[in-house]
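The values are calculated or read from the model by the stated rules, or taken from the named source; none is laboratory data. This one's a predicted model, so the numbers in the text were calculated from it and none came from an experiment. Glycine gets a Cβ as well: all are built from the backbone with ideal geometry, and neighbour counts include every protein chain shown. Side chains included, ligands, DNA and RNA excluded: accessible areas come from the protein's heavy atoms. Shrake-Rupley method; radii C 1.70, N 1.55, O 1.52, S 1.80 Å.
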Amino acid sequence: MSTQPAAIATASARGLKIPRHMGVIMDGNGRWAKARGLRRSDGHRAGVEAVRRTVQLATEYGIECLTLFSFSAENWRRPADEVKFIFTLLRRFIASDLDRLHRENVRIRIIGVRDTLEDGLKTIIEEVEDRTRNNTGLDLIIAFNYGGKVEIANAARAIARKVAQGELDPEAVDENLVAHYLDTEGLPDPDLILRTSGEMRLSNFLLWQSAYAELVFVDENWPDFDEAVFVKALRSYSERDRRFGGINT
Ligand code: FPP
């Protein structure tokens with residue numbers, strides 16, 4: 001008898017391909033709230049519910065890695081209150097969901113610039129990562145205070161330092177070595193990057209890693225993300241002809 005979760009069996013019966021790594025640009029919380037006469041903070045709160053649904057869906061459909069863009073390096077340009085609220089939501093999410101995620105064997109990693117975060121949040125992040133490090137289920141990567149250009153610049157600096165110290169031969173600097181210095185070290189590159197709310201850009205998300213990712217844009221705002229939208233995105237991904245620069249013979 002098959003031990004596959006029902007969702008995986010259904011997906012394969014529908015001819016859906018499942019990405020190993022899916023990255024999500026969760027956009028449209030503000031517009032979702034505005035359309036309902038609510039505050040932007042209500043939109044972000046509803047966005048956390050969509051995060052919970054998506055983690056569940058990723059597990060059920062057999063996705064190995066899920067990276068969620070939660071706070072970009074550019075999001076500091078928002079009003080201070082809103083920035084503070086998004087930080088509070090991350091803290092609350094960890095406090096309320098960590099036990100369950102750990103029980104469900106989810107391994108959590110937070111990527112992005114950590115040095116400039118407040119000490120309390122840094123400690124929480126380290127605890128979350130330490131506690132779930134040996135889990136073998138879904139890899140949940142939360143991109144927080146993350147920017148792709150900064151990530152690449154930091155990698156370049158670390159490599160330059162090694163070369164300057166005579167510990168690294170410049171000739172040894174290749175794609176694999178650069179990838180080793182990125183926050184996503186050890187993870188497969190994303191196969192699919194999904195953005196909600198109809199916007200069509202990467203906004204500095206996983207710039208290096210997305211070289212061959214399929215990009216899927218859906219019109220729904222992030223708080224409306226559910227299984228129907230998820231399956232629609234998977235269908236679009238499944239129809240793509242991935243050649244990685246080669247040709248089909
Ligand atoms: C984009 O909508 C959303 C964000 C910038 C924040 C996303 C944060 C969360 C969903 C909550 C925190 C995450 C976790 C993992 C607990 P927007 O505000 O840019 O929407 P708009 O473009 O319609 O204004």
Accessible area of region 86-240 divided out per residue, in Å², using a probe of 1.4 angstrom: 50 Å²
With all protein chains present, how much of the accessible area of the chain (probe radius 1.4 Å) comes from carbon and sulfur, to the nearest whole percent? 49 percent
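Once you sort the root eigenvalues of the Cα gyration tensor of region 24-143 as a ≥ b ≥ c, which label holds: rounded (a/c under 1.5), prolate (a/b larger than b/c) or oblate (the other case)? Let's see the in-between values first.
Details: a/c = 2.01, a/b = 1.31, b/c = 1.53.
Since a/c reaches 1.5 but b/c is at least a/b, the shape of region 24-143 is classed as oblate.
Which chymotrypsin sites (Phe, Trp or Tyr not before Pro) in region 118-216 sit in a loop by DSSP (not H, G, I, E or B) and have at most 15 other Cβ atoms within 10 Å of their own Cβ? Walk me through the numbers on the way to the answer.
Details: sites: Phe144, Tyr146, Tyr181, Phe205, Trp208, Tyr212; in loops: Tyr181, Phe205, Trp208, Tyr212.
Of the chymotrypsin sites (Phe, Trp or Tyr not before Pro), the ones in loops of region 118-216 whose Cβ has at most 15 other Cβ atoms within 10 Å are Tyr212.
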When the solvent-accessible surface of protein heavy atoms is calculated with a 1.4 angstrom probe, in what order do Glu185, Glu220, Glu118, Glu151 fall, highest first? Glu118, Glu185, Glu220, Glu151
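Could you rank His180, His102 by how accessible they are, 1.4 Å probe, largest area first?
Details: His180 105, His102 60 Å².
These residues rank, largest area first, as His180, His102.
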When averaged across all projection directions, what area in nm² does the alpha-carbon convex hull of region 30-101 cover? 5.7 nm²
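Run through region 91-184 and list the trypsin sites (Lys or Arg not before Pro) located in a DSSP loop whose Cβ has at most 11 other Cβ atoms within 10 Å.
Values: sites: Arg91, Arg92, Arg100, Arg103, Arg107, Arg109, Arg114, Lys122, Arg131, Arg133, Lys149, Arg157, Arg161, Lys162; in loops: Arg114, Arg133.
Of the trypsin sites (Lys or Arg not before Pro), the ones in loops of region 91-184 whose Cβ has at most 11 other Cβ atoms within 10 Å are Arg133.
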I need the shape label for the chain. Rule: rounded when a/c is under 1.5, else prolate if a/b > b/c, else oblate, with a, b, c from the alpha carbon gyration tensor. rounded
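In the chain, what % of DSSP beta bridges are antiparallel (nearest 5)? Mind showing how you got there, number by number?
Numbers: 0 of 25 bridges.
Within the chain, antiparallel bridges account for around 0 percent of the total.
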12 Å beta-carbon shell around Glu60, net charge (K/R +1, D/E -1): -1
